[in-house]
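A quick write-up on the structure given underneath.
The values are calculated or read from the model by the stated rules, or taken from the named source; none is laboratory data. Quick caveat, the model's predicted, so the values are computed rather than measured. Glycine gets a Cβ as well: all are built from the backbone with ideal geometry, and neighbour counts include every protein chain shown.
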Amino acid sequence: MDNNITTDEDGLIVNPTHGGTGGPLDTSTPLTPEMQAEINAPLADPMGLDMETQEFLQSTMARVYNGQIDTYKPSSLINQAAYDQLDQAGEGLADQTAVIFCGKLRDIRGLMDISGGEQSYAAPTYQIQQLVKELKFHKEEFEKQYGDVFVI
């Protein structure tokens, strides 16, 4: 065994930070605000999104931030002219999908707000990327069948 590693009588490695072998960390030393901020920061992907998805994110979130889209009002996502062309079943699906999309947009906005707002466009977190890709995919799939129903 390495000379810098300490073990107990059972051969378990002893962590010199808290003196135990797998027990809770010593929490008597408070975290600095800088340490807490680093721990709480979501992981960003330096590779970012592809250009098309990046543009989708920016244009969609611009509409959310300027109030054109209200994430608590699903009808704000609806392209009324296309919606009026749908049958009753299509309208129901569009309504349901708009509610789901509003939830995803709230999640994206919340993550962006804690990740630096518009600065997070350059390197969005993995969570933001996944939500944006899901939103874009489901929007495109829905609109393949029902037309340009959403304003995003």
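Structural remarks
- Condition met for Q119 (without any contact (Cβ under 8 Å) to a residue 24 or more places away in the chain and either closer than 19 Å to N40 by Cα or in a helix (DSSP H, G or I) (or both)): yes
- Test: Y146 is within 29 Å of A41 (Cβ to Cβ) and modelled with pLDDT of 95 or more: no
- Residue match in region 77-86 (condition: buried (at least 16 other Cβ atoms within 10 Å of the Cβ) and free of Cβ contacts under 8 Å to residues at least 60 places away in the same chain): no
Here's the yes/no breakdown for (1) surrounded by 19 or more Cβ atoms within 10 Å (Cβ to Cβ); (2) in a helix (DSSP H, G or I); (3) in contact with a helix residue (DSSP H, G or I) (Cβ under 8 Å, 6 or more places away or on another chain):
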residue: T97; (1), (2), (3): yes, yes, yes
residue: L105; (1), (2), (3): yes, yes, yes
residue: G110; (1), (2), (3): no, yes, no
residue: A123; (1), (2), (3): no, no, no
residue: Q127; (1), (2), (3): no, yes, yes
residue: V132; (1), (2), (3): yes, yes, yes
residue: E141; (1), (2), (3): no, yes, no
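- For region 48-74, residues that are of a type in the set (S, T, Y) and surrounded by 13 or more Cβ atoms within 10 Å (Cβ to Cβ) total 4.
- Subset of region 132-144 [closer than 18 Å to M51 by Cβ and within 13 Å of the chain's Cα centre (by Cα)]: V132, K133, L135
- Taken over region 67-95, residues that are part of a helix (DSSP H, G or I) and among the hydroxyl-bearing types (S, T, Y) amount to 3.
- Residues (small (G, A, S) and either exposed (fewer than 10 other Cβ atoms within 10 Å of the Cβ) or at pLDDT below 55 (or both)) located in region 19-46: G19, G20, G22, G23, S28
- Counted residues, region 27-47 - those being part of a loop (DSSP other than H, G, I, E, B) and either touching a Gly at 6+ places or on another chain (Cβ under 8 Å) or over 21 Å from L111 (Cβ atoms) (or both): 6
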